[in-house]
Amino acid sequence: MDDVDMTAALPADDHVHTQWSWDTALGDMAATCARALELGLPAVSFTEHADFAEVSVPAEASLPEHWAAYRHGNVIAPPPLDVDGYLQSVAECRERFPGLRIRTGVELSEPHQHAGEASALLASATFERRLASVHSTHVPGIGWSDVAVAMALEDPRSVVRDYLREVASLAAGFDGFSVLAHIDYPIRHWPDTLPPYDPTDFEDEHRDALRALVRNGKVLEVNTRVPLHPVVLAWWREEGGDAITFASDAHRPDALAAGFAEAAAVARAAGFRGGDSPADLWRRD
């Protein structure tokens, strides 16, 4: 964006992974804190993965090497989050980096489908940022699998619609989270063989999901792994959405706050502003 003010203060990064997330290869909490200070971030939230379901993958699927320990035949079985180890690491980083606000957090995968396990995890510690995500869906002939698999094997347009309907079910079916992560997760895997992704092709499904989030008092995340389309933020505001967070979804220190200056400019144009503290949620003006 040509009109981005690169000197403006960056918002907090409220969705970051480190070595405590099972799917990271280069995660490093201390190095991420050091990077946050270099960038001048007001706060960082370490929202480690808590995935409760085993997911199937095609036999021929090529997976990251560091996932090998969790692959059993055609099934990926993520390990439970080591809450004690994670909290000890947070405590050490808070002592080492007193100039940075470090928030605890967790990213719950499909908690509405695993409410007992998700609720037990949330009760085990104080998590200041409680994200919920939809990462998986049912793929005919394979079973419960990652959305990326579905996007490769099924009609991507149908996958996006199913995904957004699942987001609405999540918003209505589990109250223990506060922020919905990456409402545009499937678009990371949008095929080059199709015309460019256009969220207006799925406006009804987006608005249904956004209304469900508003009804249940949730916050929408602006995830920068794939820049959130401005029209989705506009719909969020039109449907009554009050607050947003910003998320790099970084799995390594050098990805922290990637694209934040541009995302903040889009959010301002959509009518959202930071609070009295730079670490606060951004709210509609």
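The values are calculated or read from the model by the stated rules, or taken from the named source; none is laboratory data. All values reported here derive from a predicted model rather than from experimental measurement. Here Cβ is always computed from backbone atoms with ideal geometry, including for glycine, and neighbour counts include all displayed protein chains.
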* Asked: Among (1) among the aliphatic types (A, V, I, L, M); (2) at pLDDT 85 or above; (3) surrounded by fewer than 16 Cβ atoms within 10 Å (Cβ to Cβ); (4) within 30 Å of G116 (Cβ to Cβ), where does A25 come up short?
  -> (4)
* Structure fact -> Given the conditions (1) more than 22 Å from D175 (Cβ to Cβ); (2) of a type outside the set (S, T, N, Q); (3) over 18 Å from the mean Cα position of the chain (by Cα); (4) modelled with pLDDT of 95 or more, every one holds for D285 apart from (4)
* Can you give me the number of residues within region 55-74 that are in contact with an Asp or Glu (Cβ under 9 Å, 6 or more places away or on another chain) and either basic (K, R) or more than 15 Å from A148 (Cα to Cα) (or both)? => 4
* Enumeration of residues in region 88-98 that are assigned to a loop (DSSP other than H, G, I, E, B) and surrounded by 13 or more Cβ atoms within 10 Å (Cβ to Cβ) -> F97
* To do: Please work out if G116 is of a type in the set (G, A, S), part of a strand (DSSP E or B) and either at pLDDT 95 or above or more than 17 Å from the chain's Cα centre (by Cα) (or both).
  => no
* Only one of these is under 14 Å from F177 (Cα atoms), out of contact with any Pro (no Cβ under 8 Å at 6 or more places or on another chain) and surrounded by fewer than 15 Cβ atoms within 10 Å (Cβ to Cβ): G116, G85. Name it. => G116
* Tell me which residues, restricted to region 189-246, are hydrophobic (A, V, I, L, M, F, W, C), over 18 Å from the mean Cα position of the chain (by Cα) and either within 22 Å of A12 (Cα to Cα) or surrounded by fewer than 17 Cβ atoms within 10 Å (Cβ to Cβ) (or both). => L194, V231, A234
* Spot the failing condition for A148; the list is (1) buried (at least 17 other Cβ atoms within 10 Å of the Cβ); (2) modelled with pLDDT of 95 or more, and only one is missed. => (2)
